[in-house]
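Notes for the one structure printed next.
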Amino acid sequence: MKFQSIKKLIMLALVTVTFLSCSNGPTLQTYYVDNELKPGFTTFDAPTSLIDIEKIDLTEQQRKAYNSVNKLNALVFQMNENNKEQYKVELEKVKTILKHPKYEELLRGGNSTDGKFVVKFLGDVERIDELVLMGNANDKGFAVIRILGDDMNANDLLSLRTALDKVNFDNTDLNGLTEFFK
């Protein structure tokens with residue numbers, strides 16, 4: 001009899017944990033998976049090895065930042081004449097996900113005419129687990145980029161910006177993404 005009671009308690013606990021974990025709302029990961037094959041969306045995953053940094057002189061801080069990054073995931077919604085309303089709906093979904101308190105804001109900019117961007121992260125500024133860049137161009141669409149790594153440092157990552165200006169993206173899979181932000 002006691003065994004059955006314990007078994008019921010364990011099952012109740014498992015159901016409760018499952019229910020609570022599912023009620024946290026949508027995540028960027030689920031948004032990516034739900035939309036990666038839908039019309040208007042383009043996705044790609046890229047390891048850091050895709051960017052050839054051997055031809056670039058990096059400072060110690062930049063090399064540390066580069067080595068802390070594991071991969072990059074991107075989801076792009078390309079707006080056209082036929083999907084402007086869908087663009088608004090999808091952009092609002094992403095903004096709602098990024099409003100969750102687990103995302104700390106690092107940087108934002110842009111304007112209401114051309115578009116805006118925001119940089120958020122999960123973790124601590126000194127030990128970031130995921131850096132999220134979301135930008136929208138009112139005439140092109142939006143992109144959400146997740147940079148995944150181990151113990152990434154915000155200051156170190158920002159130092160990479162100048163080094164990446166020297167990278168030639170023309171012969172990489174990232175060329176389409178860099179064109180989006182021009």
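The values are calculated or read from the model by the stated rules, or taken from the named source; none is laboratory data. Computed from a prediction, not measured in an experiment: that's the story for all the values here. Cβ placement follows ideal geometry from the backbone for every residue including glycine, while neighbour counts extend to all protein chains displayed. Accessible surface is based on the protein model in full, side chains and every heavy atom, while ligands, DNA and RNA are left aside. Shrake-Rupley method; radii C 1.70, N 1.55, O 1.52, S 1.80 Å.
Given the structure, is ASP129 in contact with a strand residue (DSSP E or B) (Cβ under 8 Å, 6 or more places away or on another chain), modelled with pLDDT of 85 or more and open to solvent by 90 Å² or more (accessible area, probe 1.4 Å)? Criteria not met by ASP129. Scanning the stretch 40-61 for residues that are in a loop (DSSP other than H, G, I, E, B) and out of contact with any helix residue (DSSP H, G or I) (no Cβ under 9 Å at 6 or more places or on another chain), we see that the one that is surrounded by the most Cβ atoms within 10 Å (Cβ to Cβ) is ASP52. Of everything in the stretch 28-76 that is β-branched (Val, Ile, Thr) and within 16 Å of ILE147 (Cβ to Cβ), the residue that is modelled with the highest pLDDT is VAL76. The condition of being within 22 Å of GLY25 (Cβ to Cβ) and either touching a residue at least 24 places away in the same chain (Cβ under 8 Å) or open to solvent by 40 Å² or more (accessible area, probe 1.4 Å) (or both) holds for only one of ALA137, ALA154, ALA65, ALA143, that being ALA143. Can you find, within the stretch 102-125, the residue that is surrounded by the most Cβ atoms within 10 Å (Cβ to Cβ) among those that are acidic (Asp, Glu) and free of Cβ contacts under 8 Å to residues at least 24 places away in the same chain? Filtering the stretch 102-125 for residues that are acidic (Asp, Glu) and free of Cβ contacts under 8 Å to residues at least 24 places away in the same chain, the one surrounded by the most Cβ atoms within 10 Å (Cβ to Cβ) comes out as GLU104.
Being modelled with pLDDT of 90 or more and out of contact with any Leu (no Cβ under 6 Å at 6 or more places or on another chain) is a property that ARG161 lacks. Evaluating VAL89 against the criteria (1) free of Cβ contacts under 8 Å to residues at least 12 places away in the same chain; (2) of a type in the set (Val, Ile, Thr); (3) under 25 Å from ALA163 (Cβ atoms) leaves one unmet condition, (3).
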